[in-house]
Amino acid sequence: MGRRDHRRGIAGREQRAGAGATHRPVILTIDGAITQTNRGPQAQFDMKMLEKLPQHSFSTQTPWYPSAVTFTGPLLRDVLAAVGAKGTKITAVALNDYKTEIPADDATKHDVIVARLMNNRPMPIREKGPLFIVYPFDTKAELRSELYYNRAAWQLNALHIR
């Protein structure tokens, strides 16, 4: 499936699922300056929908773990493309209402992922899951700073695009 078709597919899969579909919990809601929605003005993703996006992995040191950790999930830029995001700023919101601002161009400048796996295992809430925005901190010296550590968001459940 081509990239263009893939972007339209996010909303279409949910709409085609219809009333007879098995309900899976929504784990990520995106709203604001987006053009592709599947629930009113929002794009809602369950884990299966995120798994269908191209997956990427990297290992990196973080301030939160004593050794390097491998994270796997779709690139943030692919998630944004899937919803037709048009903004310049992203507010990432965690389950505990923690919020962090992320410039949208970080998604293109850095291979930021929306991690759904840590060391090849799903992340329970108590281990910073089920989703975690992670920068590839070890790839560039500039990323190993408080600025970028503060843009990482664990227990992610919403993105507001402006």
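The values are calculated or read from the model by the stated rules, or taken from the named source; none is laboratory data. Note that the coordinates shown come from a computational prediction; the quantities given were computed from them, not determined experimentally. Positions of Cβ are generated from backbone atoms using ideal geometry, with glycine treated the same way; all protein chains shown enter the neighbour counts. Only protein heavy atoms, including side chains, enter the accessible area calculation; ligands, DNA and RNA are left aside. Shrake-Rupley method; radii C 1.70, N 1.55, O 1.52, S 1.80 Å.
Observations on the model:
- Lone qualifier among Thr72, Thr62, Thr139, Thr91 - being hydroxyl-bearing (Ser, Thr, Tyr) and closer than 23 Å to Gly32 by Cβ: Thr91
- Pair list, Cβ < 6 Å and 6+ apart or interchain, from segment 130-151 residues that are of a type in the set (Lys, Arg) to residues that are at pLDDT 95 or above: Arg144/Phe137; Arg151/Thr100; Arg151/Ile102
- Among the candidates Val83, Val79, Val69, the residue that is over 15 Å from the mean Cα position of the chain (by Cα) and touching a residue at least 12 places away in the same chain (Cβ under 8 Å) is uniquely Val69.
- Strands (runs of 3 or more DSSP E) contained in segment 1-82 and holding at least 3 residues at pLDDT 95 or above and not hydrophobic (A, V, I, L, M, F, W, C): 28-32, 55-60, 69-74
- Checked against (1) closer than 27 Å to Arg144 by Cα; (2) open to solvent by 20 Å² or more (accessible area, probe 1.4 Å); (3) of a type outside the set (Asp, Glu), Lys48 meets all criteria but (1).
- Qualifying positions in segment 64-85 - open to solvent by less than 30 Å² (accessible area, probe 1.4 Å), under 23 Å from Asp46 (Cα atoms) and touching a strand residue (DSSP E or B) at 6+ places or on another chain (Cβ under 7 Å): Phe71, Thr72, Gly73, Pro74, Leu75, Leu76, Val79, Val83
- Within segment 21-66, being of a type in the set (Phe, Trp, Tyr) and without any contact (Cβ under 8 Å) to a residue 12 or more places away in the chain holds for one residue alone: Tyr65.
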